[in-house]
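Undergrad: Just dropping this structure here.
The values are calculated or read from the model by the stated rules, or taken from the named source; none is laboratory data. In this text, all values refer to a predicted model and were calculated from it rather than measured experimentally. Virtual Cβ from ideal backbone geometry, glycine too; neighbours counted across all protein chains shown.
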Amino acid sequence: MSPTERLYLAAGQPRGGMALRIVVEGDGLPDPDRLRAAVARAAETCPGSRLVRSGPLWVAGGPPPPVVHAPPAAGPFDVSDPHTARLLTDRSGPADRPGCGLLVVPGAGGARTTLVFSASHALMDGHGALTWVREVFRALRGEAARPAADPSTDLGVLHRLAAGPGGRLRRRPAPLPGRRSPLGPAAAAGTLRLERCGCAAPCPAGIPRSPPGSPRPSPTRLGSTRAPWSPWTCAATSRTSPPPPAT
């Protein structure tokens, strides 16, 4: 189980708000028995549609995704309609197990039939869900299956992409800036530390500096009020001296 999958599981609502939906509309109504058989065959060729948790692991030991038939609906399928939203979310809860499913909404009065495929995002991404849906329709058409049984997670794919010779992970080089820093090059070791200017000594603008270890000036106190700090700004590099520490 990859960190990304754990993140989706921690979000809750695996069959509600954290589920992917693929909506397919068409004329006619698939035979219920043929549709269930097609979903069952797709569950064998796409085992990701029937994964269940076994501790920190996914195991393809669950049943085929359920097929639920809703009452006929007049008019087009609209996810913003409250009735449609209840069809998609009423059967889900925050403690549900992640899984996949198919909702069949027959059309009434000449409306088109709608098939809503749902997949928990912890189990599949959008491309994986589309692969599963295509397998269902291949089974309905009587075509040969195209199994998708690779057990790799997204983390495993990233590790393979980053692997070098011998399978060891390569350390990626740090990205270099595309432009020179307006603050100039880094100061060399032993360069004088500047109290009022950020430049390396000698300051091209002639702003005073002090050797390392010199105390910083303390802000002037006027009763309980601090006088405002007036920083020095170097005209050569536009660097501004930091304020002194509070005392």
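Undergrad: Kindly list, by first and then second residue, each pair from a residue in the range 149-176 that is within 23 Å of TRP58 (Cβ to Cβ) and at pLDDT 80 or above to a residue that is surrounded by 10 or more Cβ atoms within 10 Å (Cβ to Cβ) and among the acidic types (Asp, Glu), limited to pairs with Cβ atoms under 9 Å and residues at least 6 apart or on different chains.
TA: Between residues of the range 149-176 that are within 23 Å of TRP58 (Cβ to Cβ) and at pLDDT 80 or above and residues that are surrounded by 10 or more Cβ atoms within 10 Å (Cβ to Cβ) and among the acidic types (Asp, Glu), the close pairs are THR153/GLU5; ASP154/GLU5; ASP154/ASP125; LEU155/GLU5.
Undergrad: Okay, moving on. If a residue has to be assigned to a helix (DSSP H, G or I) and touching a helix residue (DSSP H, G or I) at 6+ places or on another chain (Cβ under 6 Å) to count, how many in the range 4-38 make the cut? Quick ask: steps written out before the conclusion?
TA: Of all residues in the range 4-38, those assigned to a helix (DSSP H, G or I) come to 4-10, 32-38.
Checking the rest, the ones that are also touching a helix residue (DSSP H, G or I) at 6+ places or on another chain (Cβ under 6 Å) come to 4, 38.
So the answer is 2.
Undergrad: Look through ALA60, ALA19 and report the one residue that is surrounded by fewer than 19 Cβ atoms within 10 Å (Cβ to Cβ) and of a type in the set (A, V, I, L, M). Break it down into steps so the answer makes sense when it comes.
TA: On the way: ALA19 fails: surrounded by fewer than 19 Cβ atoms within 10 Å (Cβ to Cβ).
It is ALA60.
Undergrad: Okay, moving on. Could you please tell me which pairs satisfy a Cβ distance under 7 Å, a separation of 6+ or placement on different chains, a first residue in the range 45-66 that is assigned by TED's automatic domain parsing to the domain that holds LEU123 and at pLDDT 90 or above, and a second residue that is of a type in the set (Asp, Glu) and surrounded by 12 or more Cβ atoms within 10 Å (Cβ to Cβ)?
TA: THR45/GLU135; CYS46/GLU135
Undergrad: Here's a follow-up. Of the numbered conditions (1) within 30 Å of PRO147 (Cβ to Cβ); (2) part of a helix (DSSP H, G or I), TRP58 satisfies every one except a single condition; which is it?
TA: Only one criterion is unmet by TRP58, namely (2).
Undergrad: Quick one: which residue in VAL104, VAL116, VAL68 is part of a strand (DSSP E or B), touching a Lys or Arg at 6+ places or on another chain (Cβ under 8 Å) and farther than 30 Å from PRO3 by Cα? Lay out the reasoning, then the answer.
TA: Working: VAL104 fails: touching a Lys or Arg at 6+ places or on another chain (Cβ under 8 Å); VAL116 fails: farther than 30 Å from PRO3 by Cα.
Exactly one residue qualifies, and that residue is VAL68.
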